[in-house]
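Report on the following structure.
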Number of protein chains: 2
Amino acid sequence: MPTRTAGQRRAEAKVAYDAYLDQCPSRQLLARISDKWVTLIICALGEHETTMRYSELARRIPGVSQKMLTQTLRTLERDGLVARTVTPSIPPRVDYELTPLGRSFLEPIQHVKCWAEHHMPEVDRARAAYDAARPE
Amino acid sequence: MPTRTAGQRRAEAKVAYDAYLDQCPSRQLLARISDKWVTLIICALGEHETTMRYSELARRIPGVSQKMLTQTLRTLERDGLVARTVTPSIPPRVDYELTPLGRSFLEPIQHVKCWAEHHMPEVDRARAAYDAARPE
DNA sequence: CCGTATCCTCCTAGATACTG
DNA sequence: CAGTATCTAGGAGGATACGG
């Protein structure tokens with residue numbers, strides 16, 4: 001006995017969520033993950049073979065404030081992309097790593113980061129051309 | 001006569017830009033393109049076979065304000081991802097389309113949007129579990 | 001070492017009104 | 001139709017100080 005009708009399964013297979021829609025939760029999720037710090041944290045954790053400590057992450061991502069690092073890690077943990085492990089030693093040790101869900105997001109977001117790094121020269125040329133055409 | 005030395009070419013082939021670095025222009029570019037409206041606009045233009053008018057885009061992306069739509073389109077145009085064509089008729093007609101550079105960004109960003117749409121249920125479950133573990 | 005709490009300052013982005 | 005201009009509120013995010 002199926003838990004869903006054929007029609008329901010068909011609808012889900014197509015699109016259960018639509019980020020174009022204003023009130024769709026997937027748009028809010030898109031807004032959350034469309035973030036500089038999210039991208040860099042996920043990529044940093046994804047590159048590393050083992051877990052990463054808080055201070056390691058901070059060093060890997062120069063310029064991130066303590067507040068933004070902690071805050072972003074918390075939301076990523078709550079959203080199930082990052083796992084946080086506390087070792088109650090003195091001094092305390094906290095390790096972060098990607099969950100399976102987080103790893104499923106790694107490839108997409110890595111491509112975005114790489115795109116930015118690889119196409120910077122073209123963007124620079126486009127900006128120069130745009131600005132040159134509109135003097136003053 | 002080469003315009004760059006072998007060493008310079010090698011360095012560029014590896015990584016000319018590094019988004020992890022605080023002052024690297026590619027991080028600023030990453031910050032720009034890590035944006036809800038950028039994602040939705042690029043995806044909308046990418047789905048469409050022909051060009052899209054301003055009002056078409058506005059309809060495709062419910063909830064976007066006139067200001068954000070115009071502003072985002074301008075920066076995308078300046079960065080060379082979007083081409084803007086004005087037809088001076090009455091009433092005036094303005095068409096937008098992806099440039100080749102913009103199309104090169106379409107696949108990466110589409111995957112991010114799709115990821116959000118497809119993994120929303122798992123994120124929801126993770127949030128519920130997180131919140132349940134921290135009553136109050 | 002890894003945070004939390006507080007303050008405080010921008011800057012973003014929405015609302016509104018007006019124009020070629 | 002497709003914008004521009006102006007105002008303003010709210011939140012994002014940095015700096016700082018303190019705690020387990």
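The values are calculated or read from the model by the stated rules, or taken from the named source; none is laboratory data. Predicted model only: the values in this text are computed from it and were never measured. No Cβ is skipped: glycine too gets one built from the backbone with ideal geometry, and neighbour counts run over all protein chains shown.
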Please verify whether B:ASP131 is touching a helix residue (DSSP H, G or I) at 6+ places or on another chain (Cβ under 8 Å) and modelled with pLDDT under 95, treating the condition exactly as stated. yes
Among the residues that make up segment A:70-92, is at least one of them more than 13 Å from DNA strand D (Cβ to nearest atom), assigned to a helix (DSSP H, G or I), under 23 Å from B:ALA116 (Cβ atoms) and of a type in the set (D, E, K, R)? yes
Which one of these is more than 16 Å from the chain's Cα centre (by Cα) and without any contact (Cβ under 8 Å) to a residue 40 or more places away in the chain: B:GLU77, B:GLU117? B:GLU117
Selection within segment B:74-89 - closer than 15 Å to B:LEU106 by Cα and hydrophobic (A, V, I, L, M, F, W, C): B:LEU76, B:LEU81, B:VAL82, B:ALA83
Those residues of segment A:107-136 which are more than 7 Å from chain B (Cβ to nearest Cβ) and hydrophobic (A, V, I, L, M, F, W, C) amount to A:CYS114, A:ALA128, A:ALA129, A:ALA132, A:ALA133
Looking at (1) more than 10 Å from DNA strand D (Cβ to nearest atom); (2) modelled with pLDDT of 95 or more, find the lone condition where B:GLU56 falls short. (1)
A:ARG32: within 10 Å of DNA strand C (Cβ to nearest atom) and in contact (Cβ under 8 Å) with a residue 24 or more places away in the chain, yes or no? no
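State the number of residues belonging to segment A:59-69 that are among the hydroxyl-bearing types (Ser, Thr, Tyr) and away from DNA strand D (no atom under 11 Å from the Cβ).
0
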Considering only residues of segment B:88-97 that are surrounded by 10 or more Cβ atoms within 10 Å (Cβ to Cβ) and within 15 Å of DNA strand C (Cβ to nearest atom), which is farthest from the other protein chains (Cβ to nearest Cβ)? B:ARG93
Mind listing just one residue for me: the one in segment B:42-63 that is within 16 Å of DNA strand C (Cβ to nearest atom) and outside any helix (DSSP H, G or I) and, of those, farthest from the other protein chains (Cβ to nearest Cβ)? B:ARG53
With the structure loaded, tell me whether A:ILE33 is aliphatic (A, V, I, L, M), at the interface with chain B (Cβ under 10 Å from one of its Cβ atoms), within 16 Å of DNA strand D (Cβ to nearest atom) and over 27 Å from B:ARG125 (Cα atoms) or whether it fails that test. no
